[in-house]
Amino acid sequence: HTRAQCLRLKLYASASVGDLGKRLKSVTSTSKITKAMKMVAASKLKKAETDMAKARPFAASVQSLMMPHIGVKEEDETPSTVLALAISSDKGLCGGVNSKMAKEVKLGMEAYVGKGVESPEVLMLGSKGRDAMARTHSKFFKTTYDEAYGGKVTFSLASFLAEQMLASSADSYVIYYNKFKSVINFDVTALAFKGPEVLGGSGVMDEYEFEGEKEEILADLYQFNLAVSIYSCILENVTSEQASRMTAMDSASTNASEMIEKLQVQYNRLRQAKITTELTEIVAGAESV
């Protein structure tokens with residue numbers, strides 16, 4: 001190498017070593033954050049799973065009584081009006097939980113329109129679902145709710161949402177949510193109900209005796225079943241969200257570790273090259289004296 005070439009190599013190596021050092025520091029810092037987020041998500045997942053497991057039998061007992069009468073079957077006629085509640089989250093970095101749900105809601109609304117349903121509407125719970133649908137499908141939004149369940153999920157929240165749904169009369173009500181199956185497996189599920197009018201038909205629940213007005217009791221039972229179902233669905237969705245976030249942060253931590261290894265090797269090679277260049281310069285300088 002000539003002296004000018006050595007100088008150029010030295011400057012290039014110095015700049016590259018500095019840049020790689022910054023990159024290495026940045027990725028290491030990101031890795032620490034993703035590991036911490038994974039631990040937090042794992043802790044929240046355990047609590048969410050416990051709450052969900054407690055709510056499942058509660059919801060199943062009420063639904064076993066009501067769904068034979070109000071559940072939507074394939075052979076049923078297409079409803080003329082539909083109101084859906086879509087459950088998403090307010091926080092991101094949780095894999096495809098919200099995007100998958102938004103996609104299913106879009107397809108569901110388009111399918112209803114294709115079947116002749118006049119302007120189906122959506123109550124959107126969570127800002128992430130709202131943002132995912134806002135550009136192309138905002139015409140379906142009736143109301144959106146942000147920061148609705150940042151803390152503990154309560155039955156009061158579910159009751160409020162049930163009231164909001166029933167305030168708009170519809171032939172069919174649908175709840176879209178992520179049903180939790182395992183830490184790596186959850187499916188977007190649509191739970192559909194016929195309108196409360198079906199309970200006024202002849203022969204409905206004639207096998208039971210009622211204290212008081214049967215119509216009033218059935219109307220209250222319908223609303224209670226809807227609130228219980230919403231409560232259970234929110235808990236399922238929260239559990240799916242935390243599981244997905246834990247998995248996403250685990251993947252991010254693994255990717256960061258692999259990147260750190262590659263950058264470290266690259267950094268060491270450049271550093272070695274820089275030292276070799278400096279030694280060559282020193283030797284060349286000593287020989288010329």
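Of note:
- Scope region 143-154; condition open to solvent by less than 40 Å² (accessible area, probe 1.4 Å) and either in contact with a Ser or Thr (Cβ under 6 Å, 6 or more places away or on another chain) or touching a residue at least 40 places away in the same chain (Cβ under 8 Å) (or both); matching residues: Ala148, Tyr149, Val153
- Residues of region 240-289 that turn out to be more than 30 Å from Lys91 (Cα to Cα) and either more than 35 Å from the chain's Cα centre (by Cα) or without any contact (Cβ under 8 Å) to a residue 24 or more places away in the chain (or both), as a count: 27
- When Lys91 is tested against (1) touching a helix residue (DSSP H, G or I) at 6+ places or on another chain (Cβ under 9 Å); (2) more than 24 Å from Ala41 (Cα to Cα); (3) among the charged types (D, E, K, R); (4) in a loop (DSSP other than H, G, I, E, B), exactly one condition is not met: (2).
- Residue list for region 1-33, filter: assigned to a helix (DSSP H, G or I), at pLDDT below 90 and hydroxyl-bearing (Ser, Thr, Tyr): Tyr12, Ser14, Ser16
- Residue-level analysis places Ser168 outside the set of residues that are under 29 Å from Lys54 (Cβ atoms) and among the small types (Gly, Ala, Ser).
- Candidates Ala36, Ala41 - the one that is of a type in the set (A, V, I, L, M), modelled with pLDDT of 90 or more and either exposed (fewer than 13 other Cβ atoms within 10 Å of the Cβ) or not in a helix (DSSP H, G or I) (or both): Ala36
- Yes/no for Tyr222 being surrounded by 12 or more Cβ atoms within 10 Å (Cβ to Cβ) and either among the aliphatic types (A, V, I, L, M) or touching a Ser or Thr at 6+ places or on another chain (Cβ under 9 Å) (or both): no
- Members of region 94-120 found to be under 30 Å from Ser182 (Cα atoms) and of a type in the set (Val, Ile, Thr), listed by number: Val97, Val105
- Test set (1) in contact (Cβ under 8 Å) with a residue 40 or more places away in the chain; (2) surrounded by fewer than 20 Cβ atoms within 10 Å (Cβ to Cβ); (3) more than 28 Å from Arg245 (Cβ to Cβ) - Glu197 fails condition number: (1)
- Gly212 under 30 Å from Phe155 (Cα atoms), free of Cβ contacts under 8 Å to residues at least 60 places away in the same chain and of a type in the set (Gly, Ala, Ser): yes
- Of the residues making up region 70-98, those that are buried (at least 18 other Cβ atoms within 10 Å of the Cβ) and farther than 29 Å from Ser127 by Cα number 1.
- Condition met for Val174 (under 25 Å from Cys94 (Cβ atoms), surrounded by 12 or more Cβ atoms within 10 Å (Cβ to Cβ) and at pLDDT 95 or above): yes
- For Gly108, the criteria (1) farther than 28 Å from Asp220 by Cα; (2) surrounded by 17 or more Cβ atoms within 10 Å (Cβ to Cβ); (3) in contact (Cβ under 8 Å) with a residue 40 or more places away in the chain; (4) within 14 Å of the chain's Cα centre (by Cα) hold in every case but one, which is (4).
- The number of residues in region 155-171 being without any contact (Cβ under 8 Å) to a residue 12 or more places away in the chain and either hydroxyl-bearing (Ser, Thr, Tyr) or part of a loop (DSSP other than H, G, I, E, B) (or both) comes to 2.
- In region 228-247 there is at least one residue that is touching a Ser or Thr at 6+ places or on another chain (Cβ under 6 Å), open to solvent by less than 60 Å² (accessible area, probe 1.4 Å), closer than 23 Å to Lys44 by Cα and not in a strand (DSSP E or B).
- Residues within region 112-142 that are β-branched (Val, Ile, Thr) and surrounded by 15 or more Cβ atoms within 10 Å (Cβ to Cβ), tallied: 2
- The one condition from (1) open to solvent by less than 80 Å² (accessible area, probe 1.4 Å); (2) in contact with a strand residue (DSSP E or B) (Cβ under 9 Å, 6 or more places away or on another chain) that Leu65 does not meet is (2).
The values are calculated or read from the model by the stated rules, or taken from the named source; none is laboratory data. Just so it is clear, the model here is predicted, and its values are computed rather than measured. Here Cβ is always computed from backbone atoms with ideal geometry, including for glycine, and neighbour counts include all displayed protein chains. Accessible surface is based on the protein model in full, side chains and every heavy atom, while ligands, DNA and RNA are left aside. Shrake-Rupley method; radii C 1.70, N 1.55, O 1.52, S 1.80 Å.
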